[in-house]
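S.K.: Please read through the structure below; I'll follow up with questions.
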4 protein chains.
Amino acid sequence: MIKVGVIGATGYTGLELIRLLVHHPQVNLCFATSKSRAGERLPAVFPSAPDVPLIDPAEAPLKDTQAVFLCLPHAESAQVAVQALDAGVRVVDLSADFRLRDAKTYQKWYGVEHPAPELLQEAVYGLTEAVRADLPAARLVANPGCYPTSVLLALKPLLDENAIHSTVIVDSKSGVSGAGRKPKQTTHFVEVDGNLSPYNVGRAHRHLPEMEQAVAWWTDDAPALIFSPHLVPAPRGLLSTIYVHLDSSWDEKKVRQLYDRIYGNEAFIHVLSQGEAATYAHVNHTNRCAIGLTMTEGVLILTSAIDNLIKGASGQAVQNMNAMFGIDETAGLPG
Amino acid sequence: MIKVGVIGATGYTGLELIRLLVHHPQVNLCFATSKSRAGERLPAVFPSAPDVPLIDPAEAPLKDTQAVFLCLPHAESAQVAVQALDAGVRVVDLSADFRLRDAKTYQKWYGVEHPAPELLQEAVYGLTEAVRADLPAARLVANPGCYPTSVLLALKPLLDENAIHSTVIVDSKSGVSGAGRKPKQTTHFVEVDGNLSPYNVGRAHRHLPEMEQAVAWWTDDAPALIFSPHLVPAPRGLLSTIYVHLDSSWDEKKVRQLYDRIYGNEAFIHVLSQGEAATYAHVNHTNRCAIGLTMTEGVLILTSAIDNLIKGASGQAVQNMNAMFGIDETAGLPG
Amino acid sequence: MIKVGVIGATGYTGLELIRLLVHHPQVNLCFATSKSRAGERLPAVFPSAPDVPLIDPAEAPLKDTQAVFLCLPHAESAQVAVQALDAGVRVVDLSADFRLRDAKTYQKWYGVEHPAPELLQEAVYGLTEAVRADLPAARLVANPGCYPTSVLLALKPLLDENAIHSTVIVDSKSGVSGAGRKPKQTTHFVEVDGNLSPYNVGRAHRHLPEMEQAVAWWTDDAPALIFSPHLVPAPRGLLSTIYVHLDSSWDEKKVRQLYDRIYGNEAFIHVLSQGEAATYAHVNHTNRCAIGLTMTEGVLILTSAIDNLIKGASGQAVQNMNAMFGIDETAGLPG
Amino acid sequence: MIKVGVIGATGYTGLELIRLLVHHPQVNLCFATSKSRAGERLPAVFPSAPDVPLIDPAEAPLKDTQAVFLCLPHAESAQVAVQALDAGVRVVDLSADFRLRDAKTYQKWYGVEHPAPELLQEAVYGLTEAVRADLPAARLVANPGCYPTSVLLALKPLLDENAIHSTVIVDSKSGVSGAGRKPKQTTHFVEVDGNLSPYNVGRAHRHLPEMEQAVAWWTDDAPALIFSPHLVPAPRGLLSTIYVHLDSSWDEKKVRQLYDRIYGNEAFIHVLSQGEAATYAHVNHTNRCAIGLTMTEGVLILTSAIDNLIKGASGQAVQNMNAMFGIDETAGLPG
């Protein structure tokens, strides 16, 4: 049994993570922390949650665990990561703190100096299907953002082929849990219900540099992304509709062959059949990424759907942990 | 043209009120105030709102108006009411401040000493259909709460007949705008969507004493109420399902005759036909109250629906203003 | 391993049942049938469903199983039950066909002659917590309706004490999946969203005789029920708010002691603490029934919540199967 | 007063149209028809609808009206249009029958031979802002589809400038009323709620030829469109996010100047300020089209929102009627 702890249990990713971990056949959840709700039990926060006690982070028995998951605000997370690593505990960080390799880029987008720049090169960017070879040795895994997970899994086969040479249009639609659990005007039920809102359109969302960083790793002459996230009146789910110009050597059949070859054996990646587009209904409450492919007029239209809280956060975090500890990557995860 | 102002324009009732007033054929909206958004225009707060400037309440030209509507938190509202009355301006108060006639009861339920107890006896409790004779002379109208509006309109005909002698069960279901616009954990989209929550069950909600006060005005040997409000994952609408024991002299036909007689000429009260129950769809975006009647096993089941923001707040406020100024009670109101 | 089949896999209860069965550690799902979709696989109907083939019911290898679950329309279900029993297969019927013990009552409420009245006395009414002693020997279990499950679990402790002597008010609120998957005007998204609708108010819903039948089993001088179901704009969840007059020998403390005593060891029944009311959020995606208790003015207010598809249908069906085969009653069920 | 009739009153566009017409200060609604509900009144279909009787279409007194609105299925609509025109009545057709000028294209996309090809050249494609000069003389107006309205209003200023030379990406998101009122599996509440679904992705939706036809009218060297509609869990509203490559002579400021110049005096077109994107909340329950503009990396991102039932159907139909009869184009329309 892998002994783990969760730091920051009372947000949506913390809750989802704990649900996965308590049912994971090879995990022993040693503790879950919350600053604001320490002393209570998790069902006091989420009535149907597993009955786990919440302790103060200062009292977390880090040394009794082999790994901790950090579900904390950015900047705060990196500091706890340092403590955990110092205590010899492996870290899966669900915040943005270790996703960008460049401290200046981090500062530009997150507005604070990076608290632990010395760790940036070591951190593994945990898009599991892309980096699983690096995970068994990793001390520190930066769990990808929800939007980047949907986009990068959809684009990687083509990027690896150096098939993309012009600006990629990414039009994404996310459920509201992606905005976090802290009440804001923009997440008030009356403001969201019946509405559909683009936000941070173009090149203004923090997930843009994270996506472009990975694109640049994987391809020569990396294309720019245009990224338009939209808030959908649904609690969970994330769909990216992606438009890629391909040259005339590509048709839908050839694209489909590529994706079938790359992803045919992936447990969690479902390449949909011809004419089928990915929806939230393909993936919600699972660790899947469903990918639909349509090509017309030289443009490949990818629909890539994930559950933002599972494959886009806590599920992928568990998948990374599974790979780090050398157990079946699918263990404890809803397929 | 009646010259009016709105104090507190950036909540849901303020917005709805301004929508009604700018289209009202006999009203001139002179100003709308907001502390937090002064200097902006209303569409900056609600994109589809009428293009009305927001001014600081301190700069409101009270004296240029004949009436003001107060859409303010309780306790704050009463203080502004005093100022307006002193300036010779009539007041329709949408807060709870002048609904209860007894200052001690107010203090018990609202947790603060009443700021203007000397006005409590003068204030008219503005359930329009019940008090329209008093409105032309009124300086100060206390606009009823949303739950009481749905319940009291449904019960009044029977109370006037002294037909109710035992505890009345009121099971109410409200859309989320009834909880106000300030973001709270309980109004976060992800917490509300897909959920249905009773709250303040029994005799714990502030609208209980307001309802029992009116019941005691209208009937001898006033029955107690049991009141269970529920939060519904919908932005607006309010339904009260009410259970009343009647003695054997009553059957559904006799009840129906009573309601048809009392409400047959009311523009906004729709007594539904046999077998039809009231729903949000009967009333949303209108100033209606729809009332369904079913009797079985000696129990009358009333379903009483209103739009909580219109008949339950801003629409009834306009209806009261219409009656105060002696114009057609339906003017400017969606039937 | 218990070998089972599902007859009628493409409705909401069929889907939920199959999700539970494929993850059940002691069950082997041998087949799932569908008349209209035979030859396809379940994900063609529900994209995230387990990848189970759908066969024609005529080809179902009944004899290879020990039990079948029937998720069929009423009247059709009873006929298949006869075939299964004749083949020596035990039956858990999720339709209404074997819930009422009296064939005339069945005909009155369901509009058809009962297809197998000879089985009515044998069928066990499978409210698991109430009948578990009878399940190991049962050949045929009638899985209770969703509304009755929420109401009867809430009332049974008091009925067993003969504490209820007057009409009980049941005000229930159900998510839309309770209305089935067949598209109807009343389940169209645009008609439901933002709406809240009572229907079959009073004594007009088919679940009324089912509830009153059980009430009469359990108490002397059985009280009548008044039952008002409401349709809620949510996909799943069911809450019954129940009003019971108790004599002066009862107070909330004594009621609470009773419920704690009766349900303290039940895995799936959660008696909530003082001041807490049951919501969909307590139970959705679990096999729980959450019960809140509040007493005031001589009236006990019970809030009883279940997931209509799990404890109100497929989860309880699995719980019944577990008890029938003598395995842990909680096996394979989300707690 | 303009005397009008509505043929087909019981769908969502019919209802919305009647709501507008009964409040229109210069219109007299003479009749509303329904085949299936003739003899009933409109509130029997939609509880809060205006109290208008429904008559059989065969009894519609066409000759007493100056114009009729057709809210009928395609192919059926054209036949009624012929009758109305023969009776000397002007027609605003909300179906697709007269949108495409080429009968073969119509047959290809709608699967039936066109019932009245002789009228195709005469019909005015009623995107009001683009064709208002032609409306006073028009006998037959083809009201545009909802998607085309949002897209064409957004693109027209650039097309008129011949500024678009490469494939345009249109990613649209529509509320469910756009799918009509007839219950289908895809509009069942449980299937839609919490889901987000692309459909007819690429070049497969019937509104594509309608859009490309207009694009070809307005620009040389007309670009192709890629069109991906998505179904959003909301009852109404339509947003198109449109991606256009512009050459280096264009920047956001120049684009904005163009749109301000073209649309600055339009009552219903709101060009949003810098940094603001269009949402459903800008337009629902109004006849507005809100357009947001963002330019980055040589790509102009347009967000164009309408209420699909108003500006996308019934509101634009009334706007067209206003222009046809030479009255104020905004009469009777919510701004």
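S.K.: Return only the number of the condition from (1) farther than 30 Å from C:N287 by Cβ; (2) of a type in the set (D, E, K, R); (3) in a strand (DSSP E or B) that A:K63 does not satisfy.
M.R.: The single condition A:K63 does not satisfy is (3).
S.K.: From the set of residues in segment B:313-335 that are over 15 Å from the mean Cα position of the chain (by Cα) and part of a helix (DSSP H, G or I), which is nearest to B:I18 (Cα to Cα)?
M.R.: Of segment B:313-335, the ones over 15 Å from the mean Cα position of the chain (by Cα) are B:322-332, B:334-335.
Remaining after also requiring part of a helix (DSSP H, G or I): B:322-324.
Details: B:N322: 15, B:A323: 18, B:M324: 18 Å.
So the residue we want is B:N322.
S.K.: Further question: Kindly provide the set of residues from segment D:229-256 that are touching a helix residue (DSSP H, G or I) at 6+ places or on another chain (Cβ under 9 Å) and in a helix (DSSP H, G or I), ordered by number.
M.R.: Residue satisfying the conditions is D:V255 alone.
S.K.: In addition: Within segment B:70-87, which residues are part of a loop (DSSP other than H, G, I, E, B) and more than 20 Å from the chain's Cα centre (by Cα)? Spell out the reasoning first.
M.R.: Kept after step one, since they are part of a loop (DSSP other than H, G, I, E, B), are these residues of segment B:70-87: B:71-75, B:87.
Passing the criteria: only B:A87.
S.K.: Condition check: among the hydroxyl-bearing types (S, T, Y) and assigned to a strand (DSSP E or B). Does B:Y259 satisfy that?
M.R.: So B:Y259 fails the test.
S.K.: The conditions are (1) among the small types (G, A, S); (2) within 13 Å of the chain's Cα centre (by Cα); (3) more than 29 Å from A:M324 (Cβ to Cβ), and A:A163 fails exactly one of them. Which is it?
M.R.: (2)
S.K.: So which pairs qualify, if the first residue must be in segment B:225-247 and on the phi > 0 side of the Ramachandran plot, the second must be buried (at least 24 other Cβ atoms within 10 Å of the Cβ) and of a type in the set (F, W, Y), the Cβ gap must be under 6 Å, and the two must be at least 6 apart or on different chains?
M.R.: So the pair list comes out as B:G237/B:Y280.
S.K.: For A:V232, state whether it is more than 14 Å from chain B (Cβ to nearest Cβ) and closer than 20 Å to A:I291 by Cα.
M.R.: The answer is no for A:V232.
S.K.: Filter segment D:276-288 for residues that are farther than 18 Å from A:H205 by Cα and at the interface with chain A (Cβ under 8 Å from one of its Cβ atoms); which is nearest to the chain's Cα centre (by Cα)? So that I can check it myself, show each step before the final result.
M.R.: Pass one, segment D:276-288, residues farther than 18 Å from A:H205 by Cα: D:280-288.
Remaining after also requiring at the interface with chain A (Cβ under 8 Å from one of its Cβ atoms): D:280-281, D:284.
Numbers: D:Y280: 16, D:A281: 18, D:N284: 14 Å.
Across segment D:276-288, the extreme among qualifying residues is D:N284.
S.K.: Quick one: in segment C:229-251, which of the residues that are more than 19 Å from the chain's Cα centre (by Cα) and crowded, with 24+ Cβ neighbours inside 10 Å is farthest from C:P157 (Cα to Cα)? Even if it seems obvious, please write down each step before you answer.
M.R.: Our first condition is that a residue be more than 19 Å from the chain's Cα centre (by Cα); within segment C:229-251, this holds for C:233, C:243-251.
Retained after the next criterion (residues that are crowded, with 24+ Cβ neighbours inside 10 Å): C:233, C:244.
On the way: C:P233: 31, C:V244: 13 Å.
The qualifying residue farthest from C:P157 (Cα to Cα) is C:P233.
S.K.: Then there is this: Is it the case, given these coordinates, that B:Q121 is surrounded by fewer than 19 Cβ atoms within 10 Å (Cβ to Cβ), closer than 19 Å to B:Q213 by Cβ, touching an Asp or Glu at 6+ places or on another chain (Cβ under 6 Å) and not acidic (D, E)?
M.R.: No.
S.K.: In the set B:I291, B:I310, B:I262, which member is within 14 Å of the chain's Cα centre (by Cα) and touching a residue at least 12 places away in the same chain (Cβ under 8 Å)?
M.R.: B:I310
S.K.: Looking for something in a helix (DSSP H, G or I) and in contact with a strand residue (DSSP E or B) (Cβ under 7 Å, 6 or more places away or on another chain) - is there at least one such residue anywhere in segment A:273-280?
M.R.: As a first pass, look at segment A:273-280 and keep what is in a helix (DSSP H, G or I): A:280.
From the residues that got through so far, the ones that are in contact with a strand residue (DSSP E or B) (Cβ under 7 Å, 6 or more places away or on another chain) too are A:280.
Yes.
S.K.: Of the conditions (1) basic (K, R); (2) touching a His at 6+ places or on another chain (Cβ under 7 Å); (3) under 21 Å from A:A123 (Cβ atoms), A:R139 satisfies every one except a single condition; which number is it?
M.R.: (2)
S.K.: Checking the conditions here, which among D:R19, D:R41 is closer than 18 Å to D:K311 by Cα and of a type in the set (K, R)? Spell out how you get there, then give the answer.
M.R.: Working: D:R41 fails: closer than 18 Å to D:K311 by Cα.
Going through D:R19, D:R41 in turn, the sole match is D:R19.
Okay, residues lined up against (1) part of a helix (DSSP H, G or I); (2) surrounded by 23 or more Cβ atoms within 10 Å (Cβ to Cβ):
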| residue | (1), (2) |
| --- | --- |
| B:N200 | no, no |
| B:H205 | no, no |
| B:E212 | yes, no |
| B:V215 | yes, no |
| B:D220 | no, no |
| B:P223 | no, no |
| B:F227 | no, yes |
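S.K.: Let me confirm something: among B:G292, B:G275, which residue is in the same structural domain as B:R236 (by TED's automatic domain parsing), farther than 25 Å from B:A323 by Cβ and surrounded by 15 or more Cβ atoms within 10 Å (Cβ to Cβ)?
M.R.: Unique residue meeting the criteria: B:G292.
S.K.: May I pose another question? I need the full set of residues from segment B:147-182 which are within 14 Å of chain A (Cβ to nearest Cβ) and crowded, with 18+ Cβ neighbours inside 10 Å, in order please.
M.R.: Listed by number, the residues that qualify are B:S174, B:G175, B:V176, B:S177, B:G178, B:A179, B:R181.
S.K.: Just need a number here: residues in segment A:289-308 that are among the hydroxyl-bearing types (S, T, Y) and more than 7 Å from every other protein chain (Cβ to nearest Cβ). Before the answer, list the steps.
M.R.: Going through segment A:289-308, the residues among the hydroxyl-bearing types (S, T, Y) turn out to be A:294, A:296, A:303-304.
From what's left, more than 7 Å from every other protein chain (Cβ to nearest Cβ): A:304.
Here the count works out to 1.
S.K.: Further question on the same structure: Name the single residue, out of those in segment A:188-225 being over 24 Å from A:E129 (Cα atoms) and aliphatic (A, V, I, L, M), that is farthest from the other protein chains (Cβ to nearest Cβ).
M.R.: Selected residue: A:A204.
S.K.: State yes or no: is A:V112 under 24 Å from A:L309 (Cα atoms) and among the β-branched types (V, I, T)?
M.R.: no
S.K.: Tell me, which residue of segment D:125-141 that is closer than 18 Å to D:F268 by Cβ and of a type in the set (A, V, I, L, M, F, W, C) is surrounded by the most Cβ atoms within 10 Å (Cβ to Cβ)?
M.R.: D:V141
S.K.: Taking the residues in segment B:262-275 that are among the hydrophobic types (A, V, I, L, M, F, W, C) and closer than 17 Å to B:A331 by Cα as candidates, determine which candidate is farthest from the other protein chains (Cβ to nearest Cβ).
M.R.: Across segment B:262-275, the extreme among qualifying residues is B:I269.
S.K.: Could I ask something else about it? Quick check: is even one residue across segment C:284-307 part of a helix (DSSP H, G or I), modelled with pLDDT of 95 or more and of a type in the set (V, I, T)?
M.R.: So far as segment C:284-307 goes, no, none of its residues is part of a helix (DSSP H, G or I), modelled with pLDDT of 95 or more and of a type in the set (V, I, T).
S.K.: In addition: Give the residues of segment A:88-134 that are charged (D, E, K, R) and part of a strand (DSSP E or B), sorted by residue number. Outline the logic, then answer.
M.R.: The initial filter retains those residues of segment A:88-134 that are charged (D, E, K, R), namely A:90, A:93, A:97, A:99, A:101-102, A:104, A:108, A:113, A:118, A:122, A:129, A:132, A:134.
Those that are charged (D, E, K, R) and part of a strand (DSSP E or B): A:R90, A:D93.
S.K.: For the subset of segment B:182-198 comprising residues that are free of Cβ contacts under 8 Å to residues at least 24 places away in the same chain and in a helix (DSSP H, G or I), which member is nearest to the chain's Cα centre (by Cα)?
M.R.: So, considering only residues that are free of Cβ contacts under 8 Å to residues at least 24 places away in the same chain and in a helix (DSSP H, G or I), the one nearest to the chain's Cα centre (by Cα) is B:T187.
The values are calculated or read from the model by the stated rules, or taken from the named source; none is laboratory data. Because the structure is predicted, anything quoted here is derived from the model rather than measured. Here Cβ is always computed from backbone atoms with ideal geometry, including for glycine, and neighbour counts include all displayed protein chains.
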